Amino acid sequence: MGGSTVFLYHDDFMKYQFGAKHPFQPVRERMTLDTLRSLGVFDDDNRVIVPEPVDAETLQTVHLAGYIERVRTMSQRRGLLDYGDTPAGPGLYEGALAAVGATVDAARGIARGEFEHAFNPAGGLHHAHPARASGFCVFNDIAVAVRVLQREFGIGRVAVIDIDAHHGDGTQEIFYDEDVLTISLHRYGGGFFPGTGEADEIGEMEGRGRNINVPLPGGTDDNLFLHAYRSIAVPALRAYRPEMIIQQFGVDGHYRDPLADMGYTTRGYAEAARLTHDLAHELCDGKHLVVGGGGYGLDATRRAWSIMYCTISEASHVDGGLITGLHDREAPLSDRATAEEVMDIIEEVKQRSLPLVESVIRYA
Ligand SMILES: [Zn+2]
Ligand SMILES: [Zn+2]
């Protein structure tokens, strides 16, 4: 069964929503599935699977029982789960269980060798903390999947690489003192949400050197983003030698996204997918789990995720012209981040973090 890729989809994903006027709209996940179907991507080796909702015991490996219960009751009677961004309402709890369950099923399937690559568009809820929702994220599916890999499969070396425009603060907090490599490339500064993710947040104890932040200025474009990816994420992953790579593929860094004001295009996302996919084959038998995340321009999100999926599944039977047709047709108007500014940040993170990742390995 090796060599295959799966797309996880459950109708309950559509229940993970915060209202018609909220920026987070789960329909983008169905739009991505429809796009991939219309391309003819799916066949025997490349299929859609329906995940199970996560069970309470598995969810409690990351989240406190009292918090889980609060989400369940709040989603019945409505109320705010955080300071205003993340309101609860009917169905939210079921939607959140489905979103986490899909990442967990994907992690188990890859660990068992049932398939090599998987994409859960409802996952990537990286702002969720053990006892608190934040930034449209209720439960941290990435962290729960890491716990499943550790406990059920004895997989100790998991790497999480997060390319969402926002810092993966929940994931960082959960693994800050553990030997789980977490890398986040995100917009930072000027009060941009969530406000964490500086280069000097490097982890503690067992996690020292295992948390890498690449804080980028608003307007960073594909070239600078990919330069950071190649200079920091790629060598860090090679040094760490993970047994599985989980990639948070939030696409709110797209230049047309209404929230983040970054300058990435579908071509930058395709390259980030290709680099990570190829590294997974080089380092860990292709074990590459991709989850969603931000993405508030529905059409750009649908296109970027579909292109990423075709890239990791190497869907050679799909008409290349159709995939080309999904790419952005125009270039972003301008990139305001200067190359020197980003180069300085990359140099600082490289000097600080890469020797640490390498040295901890040497003495381990
Ligand atoms: Zn985001
Ligand atoms: Zn592959």
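The values are calculated or read from the model by the stated rules, or taken from the named source; none is laboratory data. As the structure is a computational prediction, the values presented were derived from the model and not from experiment. No Cβ is skipped: glycine too gets one built from the backbone with ideal geometry, and neighbour counts run over all protein chains shown. We work out accessible area using only protein heavy atoms, side chains counted, and drop any ligands, DNA or RNA first. Shrake-Rupley method; radii C 1.70, N 1.55, O 1.52, S 1.80 Å.
Scanning for something open to solvent by 10 Å² or more (accessible area, probe 1.4 Å), more than 16 Å from ligand 1 (Cβ to nearest atom), closer than 20 Å to Ile110 by Cα and among the β-branched types (Val, Ile, Thr), does region 303-311 turn up at least one residue?
yes
Could you check, for region 228-239, whether at least one of its residues is farther than 25 Å from Val6 by Cα, of a type in the set (S, T, N, Q) and out of contact with any strand residue (DSSP E or B) (no Cβ under 8 Å at 6 or more places or on another chain)?
Yes, the conditions are met somewhere in region 228-239.
State which residue pairs qualify: first residue within 14 Å of Ala260 (Cβ to Cβ) and inside region 191-206, second residue away from ligand 1 (no atom under 16 Å from the Cβ) and of a type outside the set (D, E, K, R) in any location, beta carbons under 6 Å apart, and separation of 6 or more residues or different chains.
No pair meets every condition.
When you go through (1) farther than 28 Å from Phe115 by Cα; (2) open to solvent by 40 Å² or more (accessible area, probe 1.4 Å) one by one for Arg241, which number turns out not to apply?
Every condition holds for Arg241 apart from (1).
Go through region 135-147 and count every residue that is in contact with a helix residue (DSSP H, G or I) (Cβ under 7 Å, 6 or more places away or on another chain) and either more than 14 Å from Ile245 (Cα to Cα) or without any contact (Cβ under 8 Å) to a residue 12 or more places away in the chain (or both).
6
Residue check, Met74 against (1) touching a residue at least 24 places away in the same chain (Cβ under 8 Å); (2) open to solvent by 10 Å² or more (accessible area, probe 1.4 Å), all met but one. Which one?
(1)
Is there any pair with a first residue in region 276-296 that is farther than 12 Å from Gln247 by Cβ and a second that is assigned to a helix (DSSP H, G or I) and within 16 Å of ligand 1 (Cβ to nearest atom) whose Cβ atoms are under 8 Å apart and which are 6 or more apart or on different chains, and what are they?
Gly295/Arg28; Gly295/Thr301; Gly295/Ala304; Gly295/Trp305
Tell me, which residue of region 105-135 that is assigned to a loop (DSSP other than H, G, I, E, B), hydrophobic (A, V, I, L, M, F, W, C) and away from ligand 1 (no atom under 14 Å from the Cβ) is most open to solvent (accessible area, probe 1.4 Å)? Steps first, answer last, please.
Step one: of region 105-135, the residues assigned to a loop (DSSP other than H, G, I, E, B) are 112-116, 121-128, 130-131, 133, 135.
Subsequent filtering for residues that are hydrophobic (A, V, I, L, M, F, W, C) retains 115, 122, 125, 128, 131, 133.
Retained after the next criterion (residues that are away from ligand 1 (no atom under 14 Å from the Cβ)): 115, 122, 131, 133.
Working: Phe115: 8, Ala122: 7, Ala131: 51, Ala133: 2 Å².
My answer is Ala131.
Only one of these conditions is not met by His22: (1) touching a Gly at 6+ places or on another chain (Cβ under 9 Å); (2) within 16 Å of ligand 1 (Cβ to nearest atom). Which number is it?
(1)
So Met262 clears everything in (1) away from ligand 1 (no atom under 16 Å from the Cβ); (2) surrounded by 24 or more Cβ atoms within 10 Å (Cβ to Cβ); (3) not basic (Lys, Arg) except one condition, right? Which one?
(1)
Provide a single number: the residues in region 37-71 that are open to solvent by 20 Å² or more (accessible area, probe 1.4 Å) and touching a His at 6+ places or on another chain (Cβ under 9 Å).
Counting residues in region 37-71 that are open to solvent by 20 Å² or more (accessible area, probe 1.4 Å) and touching a His at 6+ places or on another chain (Cβ under 9 Å) gives 5.
Of the numbered conditions (1) under 19 Å from Gly294 (Cα atoms); (2) modelled with pLDDT under 95; (3) open to solvent by 10 Å² or more (accessible area, probe 1.4 Å), Phe193 fails exactly one; give the number of that condition.
(2)
Sort out which residues of region 150-175 are open to solvent by 50 Å² or more (accessible area, probe 1.4 Å) and either of a type in the set (D, E, K, R) or assigned to a loop (DSSP other than H, G, I, E, B) (or both), and write them in order of number.
Arg151, Glu152, Gly154, Arg157, Glu173
Give, as residue ranges, the helices (runs of 4 or more DSSP H) completely inside region 240-353 that count at least 3 residues that are within 16 Å of ligand 2 (Cβ to nearest atom).
266-284, 298-313
Collect the residues in region 1-58 that are among the basic types (Lys, Arg) and within 20 Å of Gly95 (Cα to Cα), keeping them in residue-number order. I'd like the intermediate steps shown before the answer.
Initial filter on region 1-58 (among the basic types (Lys, Arg)): 15, 21, 28, 30, 37, 47.
Result: Lys15, Lys21, Arg28, Arg30.
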